[in-house]
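Working notes, structure below.
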Amino acid sequence: MPNQLVPNFFGNEISSDDVLDLFAQQSGWEARYRQIILLGKQLSELPQVFKNEEHQVDGCESAAWLVSREQAGVWQFYVASDTRIVNGLLAIVLAAYNGKTTEQINDFDIESYFDQLGLSKQLSPSRANGLHAVVQAIKGVAV
């Protein structure tokens, strides 16, 4: 069904530790950049019905959408962007936050995670701001 949200691998089957391990195997930023794009290709498709102003994340240079669902104290997030690199960055964020409780989301050190992945040094200021806007949007709903 085109309006249904399907389970997302990131955070459920692919954890932040998995992403860190994957990046540790890459030599150089170009290999990591390719890996980001490959991760983005694994995102579950966000149905078009959710790609609207209500779900759009403010502060992103590229269009990005976030849909959240909480069930039994655990959060599921669904994301999409109109660019391949941003989809990959969104997948990295989902690996950290998806399938977690509000407490786990608030306790996760996202800055350390980004540093370990090398994102803090490599992203342009506008990409970094957009990535942090998504993080803040997730934390804003998971209260």
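Could you please tell me which pairs satisfy a Cβ distance under 6 Å, a separation of 6+ or placement on different chains, a first residue in region 122-143 that is over 21 Å from Asp107 (Cβ atoms), and a second residue that is part of a helix (DSSP H, G or I)?
Every condition considered, the pairs that remain are Gln122/Trp29.
Test Asn87 against the criterion of being within 19 Å of Leu5 (Cα to Cα), open to solvent by 20 Å² or more (accessible area, probe 1.4 Å) and at pLDDT 95 or above, and give yes or no. Full working, then the answer.
Values: within 19 Å of Leu5 (Cα to Cα): yes; open to solvent by 20 Å² or more (accessible area, probe 1.4 Å): yes; at pLDDT 95 or above: yes.
Considered against the rule, which asks whether it is within 19 Å of Leu5 (Cα to Cα), open to solvent by 20 Å² or more (accessible area, probe 1.4 Å) and at pLDDT 95 or above, Asn87 comes out as yes.
Scanning for something over 25 Å from Pro125 (Cα atoms), in a loop (DSSP other than H, G, I, E, B) and within 17 Å of the chain's Cα centre (by Cα), does region 35-43 turn up at least one residue? Talk me through it step by step, then tell me what you get.
To start, the set of residues in region 35-43 that are over 25 Å from Pro125 (Cα atoms) comprises 42.
Restricting the remaining residues to those that are in a loop (DSSP other than H, G, I, E, B) gives 42.
Okay, now just the ones that are also within 17 Å of the chain's Cα centre (by Cα), so 42.
Yes: one or more hits.
Taking region 13-34 as the region of interest, how many residues are touching a residue at least 12 places away in the same chain (Cβ under 8 Å), part of a helix (DSSP H, G or I) and open to solvent by less than 60 Å² (accessible area, probe 1.4 Å)?
Of the residues in that region, 6 qualify.
Taking the condition open to solvent by less than 90 Å² (accessible area, probe 1.4 Å), touching a helix residue (DSSP H, G or I) at 6+ places or on another chain (Cβ under 7 Å) and not charged (D, E, K, R), does Ser44 pass? Don't jump to the end; show me each part of the working.
Details: open to solvent by less than 90 Å² (accessible area, probe 1.4 Å): yes; touching a helix residue (DSSP H, G or I) at 6+ places or on another chain (Cβ under 7 Å): no; not charged (D, E, K, R): yes.
No; evaluated as a whole, the condition is false for this residue.
Name every residue in region 84-121 that is free of Cβ contacts under 8 Å to residues at least 24 places away in the same chain and either at positive phi or in a helix (DSSP H, G or I) (or both), in order of residue number. Even if it seems obvious, please write down each step before you answer.
Applying the first criterion (free of Cβ contacts under 8 Å to residues at least 24 places away in the same chain) to region 84-121 yields 103-104, 107, 109, 111-112, 114-115, 120-121.
Passing the criteria: Glu103, Gln104, Asp107, Glu111, Ser112, Phe114, Asp115, Ser120, Lys121.
When you scan region 116-130, do you find a residue that is surrounded by 14 or more Cβ atoms within 10 Å (Cβ to Cβ) and under 18 Å from Ile14 (Cα atoms), even just one?
yes
The values are calculated or read from the model by the stated rules, or taken from the named source; none is laboratory data. Quick caveat, the model's predicted, so the values are computed rather than measured. FYI the Cβ positions are ideal-geometry reconstructions off the backbone, even for glycines, and counts take in every protein chain you see. Side chains are part of the model used for accessible areas, which takes the heavy atoms of the whole protein and leaves out ligands, DNA and RNA. Shrake-Rupley method; radii C 1.70, N 1.55, O 1.52, S 1.80 Å.
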